[in-house]
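Notes for the one structure printed next.
The values are calculated or read from the model by the stated rules, or taken from the named source; none is laboratory data. For clarity, every value in this text was computed on a predicted model and none was experimentally measured. Glycine also receives a Cβ, built like all others from the backbone with ideal geometry; neighbour counts cover every protein chain displayed.
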Amino acid sequence: MTIEIPELALVILIGPSGSGKSTFARKHFKPTEIITSDLCRALVADDENAQDATAAAFEVLHLIASKRLEGGRLTVIDATNVQPESRKSLVELAKKYYCLVVGIVFDVPERVMIDRNKQRTDRIVRQDVIHRQRDQMRRSQRFLKREGFRYVFTLESEEAVNAAIVERKPLWVNRRDQHGPFDIIGDIHGCLDELCSLLGTLGYDVAVEAEGLQGPQYHVTPPPGRKLIFLGDLVDRGPNTPGVLRLVMSAVASGAALCVPGNHEQKLVRALQGRNVQVTHGLAESLGQLSEQPSGFKERAAEFLDRLISHYVLDDGKLVVAHAGLRQEMQGRASGRVRDFALYGETTGETDEFGLPVRYNWAAEYRGRATVVYGHTPVPEPAWVNNTINVDTGCVFGGRLTALRYPERELVSVAAARTYYEPAKPFLPEGDQAPTTSGPGDYEDLLELTDVIGKRIVQTRLFRNVTVPEENATAALEVMSRFAIDPHWLIYLPPTMSPSETSTEPGLLEHPAQAFAYYRKQGIPKVVCEEKHMGSRAVVIICKDEQAAQKRFRVTGGIGSIYTRTGRPFFADRAVEADLLQRVHAAVDRAGWWEELHTDWICLDCELMPWSAKAQDLLRNQYAAVGSAATAALAAVQGALDQTSAIVDVGDLLAKNRLRVEAVSGYLDAYRRYCWPVESVRDLRLAPFHLLATEGAVHIDKDHAWHMEKVAELCTPDGDVLMRTAFKVVDVTDPASEQEGTRWWEEVTSRGGEGMVVKPLEFVAHAAKGIVQPAVKCRGREYLRIIYGPEYTLPENLDRLRARGLGLKRSLAMREFALGIESLERFVRHEPLHRVHECAFAVLALESEPVDPRL
Amino acid sequence: MLLTITTTHQPATDLGYLLHKNPGRLQTAELSMGKAHVFYPEATPGRCTAALLLEVDPVALVRNRKGPGGDAGTLKQYVNDRPYVASSFLSVAIAQVFGSAMGGRSKDRPELAETPIPLEATIAVLPCRGGEPLLRRIFEPVGYTVTAQGYPLDATFQDWGESPYFTVTLQATCRLSDLLRHLYVLVPVMDREKHYWITQDEVEKLLRLGADWLPSHPERELIVDRYLKHQRRLTRAALERLIEEDVDDPEVVIAARDAEEIPETDMTLREQRLGSVLAALKGGGASRVLDLGCGEGALLKPLLADQQFQEIVGMDVSMRALDIAKERLNLERLPERQARRIKLLQGSLMYRDQRLQGYDAAAVMEVIEHLDPPRLAAFERVVFHYAKPGTVVVTTPNIEYNVKFPTLAAGHLRHEDHRFEWTRLEFQAWANRVGTERKYAVRFLPVGTEDPEVGAPTQMAVFTQ
């Protein structure tokens, strides 16, 4: 006998002790696929025969089975399973995980079992026990299907057991080997004209053979390589259900299409099979039209529709199609409940004001990696929600017929010629027949706590997996919840930046020589030096208009956002933010970027000055306070020492105090340079330095010179709010070029500049061991007073400060860089919010890592 | 940082005997946090001044010191006022350099050490958290004439205002040991920061150094509380022993501290709010309840005490707050049956959370005003759409009432983290809209004494499904 087993199933072996189950199992299944009750007894009680441990052993058996089934692994239960009640809980378990149940019954003669038992050395099962077990098995055997077994195989002799062959069959729903590209078409409902027109738009050739006795014959020829997928609800309501069926059946038969059933097909089949169904919701139209068809067509159609598979998993598991969508845990599984969900979706049990069932919004909770394309409920405009999309645009109700091109993710649609059927509930905004844009509508993409808490591993393209420890996530949750802006805007958080290695030059902590040397050692010949502005990091997102912001970012009211490196709103005063955004918008208009970059949104990485605009509290409570205390205290010390020097020699103390006074004065100059009063937006300076992303593109394939030149287009020469950043390309293999870079740094820092940032010319630069630091900073001597304290330049202080470890900082910079780029790439790929947020959240979490804040 | 002590008690140079420091020499002591130099700018029979110059090592402060980081890590930064101000470092230096003098011992002038003499101490500079008024409230009751010179934060940015630093001169006729003990205790009290961990020893030290003046000081609660860095247990113990009577009510001390920061000094308001929320939860017959934004557990305590509530979940976004709540509720030691009734969770009202589904009621007490207005929509969805408890009780300040708080400057909100405070109309408009959208009936109740014009200090909305 050949025993065909679905690739995912719960296989229950049924037979008394000694019937040959274990031997059979070992022969046909992997050891890890088999769970035996004996082993479970031994696990909990150190004894395979411990009958008093049976309850505990079966608890363990169930737990292992449930974990395996949850994970989608074939599982074989090797226990006697002769009583209905012992099988019942296993069948329930399989149902819970949407798995089919297969029973293999070992109905061998009692004599064989008794003989075999006698040969056993480990234990002897009493004859009467075997007899009783066999009796129990035989009494309930014929009810197995009723108990929920999908397939039952009975082996009636030792020979049959020995001769049996086990074959594993892929599930019908599994079409992972089909990679498309696909054109996936939503609910057609008998709208044949619109279907033909849509197929034409998609490049399919539809030929109709003259009407013969059998009625018209359709031949669909796809563009090379492409394939159609019909999402069900081909029938009912519309003008030509038979025509649609003919076309679809022919396309499926020729291999040009796949088709999944909808709830309307299910009901039509039942009606055609002569069952008693309510003729509502447009069924009457189908039945009427079909009755006029040549004989035999109805039967063929019924057979076709009856055989449709609930859903398909395609393209290596990356795509799932089902009429009403499908939860992640049901994908690729076959059970009655899976089919019901695929056809009808899930309802909450409530009804709305139109008397229609309220649908449970499964897509809002969807976290699966597979893209789910579905229909079922007409929507004015398809919208991506967590990697799912509903493409039923209500053609039969006068909307449109829509196809999703996969993997391109393009929507193609044709408008309905007219309203064929009045919907119970208006689905189009009033007075709008075929809308092209929509508001936030009914979709829901609220983030879920489990998207962010606990230890997390985020996969990044640039830098493999980034682990976020649980305690960092805990800290980030608080910051994100209390202070961050709407997560829809948060498509990027900038990475931290490490300084260059410590300089050995007298009086200096940092110098360009180390930065140049770092990149040279990594095999990077060219670097770009950018003047470092002392302000605050600002990420600017600017949209073409409010509609674009709403459509792309799902945020209403506003054309963009300006936020800090920790995701907080840059300005407490929204009016200031709006004003500055207007200026950036005007600059983008002037530069003609909307057209040139084919985008209606732009993400810029910037520095916003003055420092005092953001760091007002820090400046007053720390910087100015220290300056004020130092000035007053050192003056008092000076006075006392001056007076003392007339009596006692305090020369050393005097000399030191003079140095300290000087240092403090340098410190005051240093921070004051970055402070100026801001009365209006005009007093702000925004210096963009990366054009990070626009629609369809993360611009990390261009080098930094491109970025600097590009963003300069936004900055008008008259010194408006947007400010150009000076930069210089240095060849670190050429000492003269390096010297020039160093001279430039000296010049910048001597006129009070903070210093410079050295980056590899390429945005993402690779070395032998992976990517290199995206940037390294070299700060000026005076500026560093703000970082290391007013008196850091005193020799006894400086020497101690030279010892500093950059390792952790650099590792963080790398991971955060990878995460930042990852979040942009995910956003640009239109991935769901939680996938983008995961990265931004991880950056924030890594920032809670205790690192020397001076670096 | 510089401390000078001057006397005109003649012969003034006897000050050198009292301090055990020779006026004719510069003397330097190595201390753990830096160096202390003692020298005499003036040493005549008519007038003698001793100077203590304290050099706190700014690098060692960050790198070598084992001690608390201070509020928001202020003690562990290079850009730090510590090298320039009088702080607990000065107290330590006084104890080490002038230890005998502080103890009232003098080898050569024992009687003088016991004699009140005219003394003048100048501190450049002293951080006065609480400003000059507090400086006077602290030093004047112990007999000093106080002179204080303030400084702007930055002369080039006048609008930044005044710095918290003063050059302070204290004049009195007293024993030198009195002056030093006062400085030892009161300098850190003015500064409100300590560079070392506070332990039980600190109580003993305070009782020893303050025995003869602290019990009668009108600001003793504040002094004890600040000196012991707000450690309630220690503060209570110290106060009990100091005034030799029972301090049953821990709130007395807490009130002393909170009075400096929170305008809602009306302690009963907090209780009334708890009572009102509790009543609303009880009235609805709730048995399984959520306290969303439970903070340090103020509401959890009465919930736990009431057997009507069989399942209590306290959720907060701050792990620190939850740890405090856990300690305050003594969760670790609660009998198992009690402990089973309560659960603390870290969570956020910005994220949908399946753990919050299926409860009878939720309290959201003084929480919404901590959310940025654009984020309220997420809050509404999380609470009213997804968690969907049968009853939701929301309280928030009534901004109209703010004019009634004498300590609250006009235009200021009640807490610096408040993102908004609403008028009654604003709150009602919000709550009614949420109620309509999410199918909840809403009723409003005042909390606290209602003023005919500006209403009650707190407003409460009870949403029921």
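Does B:Glu264 meet the test of being modelled with pLDDT of 90 or more, of a type in the set (D, E, K, R), under 30 Å from B:Asp191 (Cα atoms) and touching a helix residue (DSSP H, G or I) at 6+ places or on another chain (Cβ under 8 Å)? Spell out how you get there, then give the answer.
Numbers: modelled with pLDDT of 90 or more: no; of a type in the set (D, E, K, R): yes; under 30 Å from B:Asp191 (Cα atoms): yes; touching a helix residue (DSSP H, G or I) at 6+ places or on another chain (Cβ under 8 Å): yes.
Here the answer is no, as B:Glu264 does not meet what is asked.
Checking the condition in a helix (DSSP H, G or I), closer than 30 Å to A:Ala635 by Cβ and not assigned by TED's automatic domain parsing to the domain that holds B:His20, which residue from B:Arg208, B:Arg226, B:Arg241, B:Arg181 passes? None of the other options fit; the residue is B:Arg226. Would you confirm whether or not the range A:767-788 contains a residue that is in contact (Cβ under 8 Å) with a residue 60 or more places away in the chain, among the β-branched types (Val, Ile, Thr), over 30 Å from A:Gly627 (Cβ atoms) and part of a strand (DSSP E or B)? Within the range A:767-788 (the criterion being in contact (Cβ under 8 Å) with a residue 60 or more places away in the chain, among the β-branched types (Val, Ile, Thr), over 30 Å from A:Gly627 (Cβ atoms) and part of a strand (DSSP E or B)), the answer is yes, since at least one residue qualifies.
Has the range B:267-281 got at least one residue that is assigned to a loop (DSSP other than H, G, I, E, B) and either surrounded by fewer than 20 Cβ atoms within 10 Å (Cβ to Cβ) or modelled with pLDDT of 90 or more (or both)?
Checked against the condition, which is being assigned to a loop (DSSP other than H, G, I, E, B) and either surrounded by fewer than 20 Cβ atoms within 10 Å (Cβ to Cβ) or modelled with pLDDT of 90 or more (or both), the range B:267-281 yields no hits at all.
Which pairs turn up if I take residues in the range A:272-286 that are free of Cβ contacts under 8 Å to residues at least 60 places away in the same chain and look for partners that are in a loop (DSSP other than H, G, I, E, B) and among the acidic types (Asp, Glu) with beta carbon separation below 7 Å, at least 6 apart in sequence or on another chain? Matching pairs, first to second residue: A:His281/A:Asp236; A:Leu283/A:Asp236. Among the helices (runs of 4 or more DSSP H) confined to the range A:522-630, the ones with at least 1 residues that are farther than 30 Å from A:Val664 by Cβ are located at A:546-553, A:574-591, A:593-596. Select from the range A:766-814 the residues that are buried (at least 19 other Cβ atoms within 10 Å of the Cβ) and small (Gly, Ala, Ser) and write down the one among them that is farthest from the other protein chains (Cβ to nearest Cβ). My answer is A:Ala775. The residue list A:Arg327, A:Arg300 contains one member that is closer than 30 Å to A:Ala94 by Cα and either out of contact with any Asp or Glu (no Cβ under 7 Å at 6 or more places or on another chain) or not aliphatic (A, V, I, L, M) (or both), which is A:Arg327. Remark: pairs (first residue in the range A:488-507, within 21 Å of A:Leu446 (Cβ to Cβ); second residue among the polar types (S, T, N, Q) and assigned to a loop (DSSP other than H, G, I, E, B); Cβ separation under 9 Å; 6+ apart in sequence or on different chains) = A:Leu493/A:Thr566.
Annotation note: Cβ proximity below 7 Å between a residue of the range B:302-328 that is of a type in the set (Gly, Ala, Ser) and a residue that is crowded, with 22+ Cβ neighbours inside 10 Å and assigned to a helix (DSSP H, G or I) (sequence gap 6+ or interchain) occurs for B:Gly314/B:Leu300; B:Gly314/B:Ala325; B:Ala325/B:Leu300.
Which of the residues belonging to the range A:381-412 are among the aromatic types (Phe, Trp, Tyr) and under 22 Å from A:Tyr344 (Cα atoms)? Result: A:Trp384, A:Phe397. B:Ala361 meets the conditions (1) within 32 Å of the chain's Cα centre (by Cα); (2) surrounded by 22 or more Cβ atoms within 10 Å (Cβ to Cβ); (3) closer than 30 Å to B:Glu450 by Cβ in every case but one. The failed one is (1). Would you check if B:Arg433 is charged (D, E, K, R), more than 23 Å from B:Val289 (Cα to Cα) and crowded, with 16+ Cβ neighbours inside 10 Å? So B:Arg433 does not fit the description; no.
Counting only residues that are of a type in the set (Lys, Arg) and either surrounded by 19 or more Cβ atoms within 10 Å (Cβ to Cβ) or modelled with pLDDT of 90 or more (or both), which one in the range A:259-302 is farthest from A:Val313 (Cα to Cα)? Residue satisfying both the conditions and the ranking: A:Lys298.
All conditions in (1) closer than 21 Å to A:Glu816 by Cα; (2) at pLDDT below 95; (3) in contact with a helix residue (DSSP H, G or I) (Cβ under 7 Å, 6 or more places away or on another chain); (4) surrounded by fewer than 22 Cβ atoms within 10 Å (Cβ to Cβ) hold for A:Pro494, with the sole exception of (2). Can you spot a residue in the range B:167-176 that is within 14 Å of another protein chain (Cβ to nearest Cβ), assigned to a loop (DSSP other than H, G, I, E, B) and at negative phi? No, the range B:167-176 contains no residue that is within 14 Å of another protein chain (Cβ to nearest Cβ), assigned to a loop (DSSP other than H, G, I, E, B) and at negative phi. The residue list B:Leu153, B:Leu170 contains one member that is in contact with a strand residue (DSSP E or B) (Cβ under 6 Å, 6 or more places away or on another chain), crowded, with 16+ Cβ neighbours inside 10 Å, without any contact (Cβ under 8 Å) to a residue 12 or more places away in the chain and in the same structural domain as B:Phe89 (by TED's automatic domain parsing), which is B:Leu153. Does A:Glu501 satisfy the condition of being among the charged types (D, E, K, R) and modelled with pLDDT under 90? No.
For the range A:631-650, indicate whether the set of residues that are of a type outside the set (Gly, Ala, Ser) and in contact (Cβ under 8 Å) with a residue 60 or more places away in the chain is non-empty.
Of all residues in the range A:631-650, those of a type outside the set (Gly, Ala, Ser) come to A:631, A:634, A:637-638, A:641-644, A:647-650.
Then keep just the ones that are in contact (Cβ under 8 Å) with a residue 60 or more places away in the chain; that gives none.
Looking for residues that are of a type outside the set (Gly, Ala, Ser) and in contact (Cβ under 8 Å) with a residue 60 or more places away in the chain, one finds none in the range A:631-650, hence no.
Annotation for the range B:160-171: at least one member residue is out of contact with any Cys (no Cβ under 8 Å at 6 or more places or on another chain), of a type in the set (A, V, I, L, M, F, W, C), at pLDDT 95 or above and more than 28 Å from B:Gly67 (Cα to Cα).
If you go through the range A:447-478 and pick out every residue that is in a helix (DSSP H, G or I) and within 8 Å of another protein chain (Cβ to nearest Cβ), you end up with 7.
Quick check on A:Ala818: is it within 14 Å of chain B (Cβ to nearest Cβ), in a helix (DSSP H, G or I), surrounded by 23 or more Cβ atoms within 10 Å (Cβ to Cβ) and at pLDDT 90 or above? Steps first, answer last, please.
Working: within 14 Å of chain B (Cβ to nearest Cβ): no; in a helix (DSSP H, G or I): yes; surrounded by 23 or more Cβ atoms within 10 Å (Cβ to Cβ): yes; at pLDDT 90 or above: yes.
It is false that A:Ala818 is within 14 Å of chain B (Cβ to nearest Cβ), in a helix (DSSP H, G or I), surrounded by 23 or more Cβ atoms within 10 Å (Cβ to Cβ) and at pLDDT 90 or above.
Is it true that some residue in the range B:48-65 is of a type in the set (Lys, Arg), at the interface with chain A (Cβ under 10 Å from one of its Cβ atoms), surrounded by fewer than 19 Cβ atoms within 10 Å (Cβ to Cβ) and under 27 Å from A:Asn797 (Cα atoms)? I'd like the intermediate steps shown before the answer.
Residues of the range B:48-65 that are of a type in the set (Lys, Arg), as a first pass: B:63, B:65.
Then drop every residue that is not at the interface with chain A (Cβ under 10 Å from one of its Cβ atoms), which leaves B:63.
Add one more test, that the residue is surrounded by fewer than 19 Cβ atoms within 10 Å (Cβ to Cβ), and what stays is B:63.
Among the residues that remain, those that are also under 27 Å from A:Asn797 (Cα atoms) are: B:63.
Checked the range B:48-65: at least one residue is of a type in the set (Lys, Arg), at the interface with chain A (Cβ under 10 Å from one of its Cβ atoms), surrounded by fewer than 19 Cβ atoms within 10 Å (Cβ to Cβ) and under 27 Å from A:Asn797 (Cα atoms).
Yes or no: the range A:383-391 includes at least one residue that is over 15 Å from A:Leu202 (Cα atoms), free of Cβ contacts under 8 Å to residues at least 40 places away in the same chain, within 24 Å of the chain's Cα centre (by Cα) and buried (at least 22 other Cβ atoms within 10 Å of the Cβ). Scanning the range A:383-391, I find at least one residue that is over 15 Å from A:Leu202 (Cα atoms), free of Cβ contacts under 8 Å to residues at least 40 places away in the same chain, within 24 Å of the chain's Cα centre (by Cα) and buried (at least 22 other Cβ atoms within 10 Å of the Cβ), so the answer is yes. For A:Ser737, the conditions (1) out of contact with any Asp or Glu (no Cβ under 7 Å at 6 or more places or on another chain); (2) free of Cβ contacts under 8 Å to residues at least 40 places away in the same chain; (3) farther than 14 Å from A:Leu761 by Cα are fulfilled apart from (1). Within the range B:80-126, restricting attention to residues that are under 30 Å from the mean Cα position of the chain (by Cα) and among the polar types (S, T, N, Q), which residue is farthest from the other protein chains (Cβ to nearest Cβ)? Only one residue tops the list, namely B:Gln96. Of all the criteria given as (1) within 14 Å of chain B (Cβ to nearest Cβ); (2) surrounded by fewer than 22 Cβ atoms within 10 Å (Cβ to Cβ); (3) within 28 Å of A:Leu722 (Cβ to Cβ), the one not satisfied by A:Trp489 is (2).
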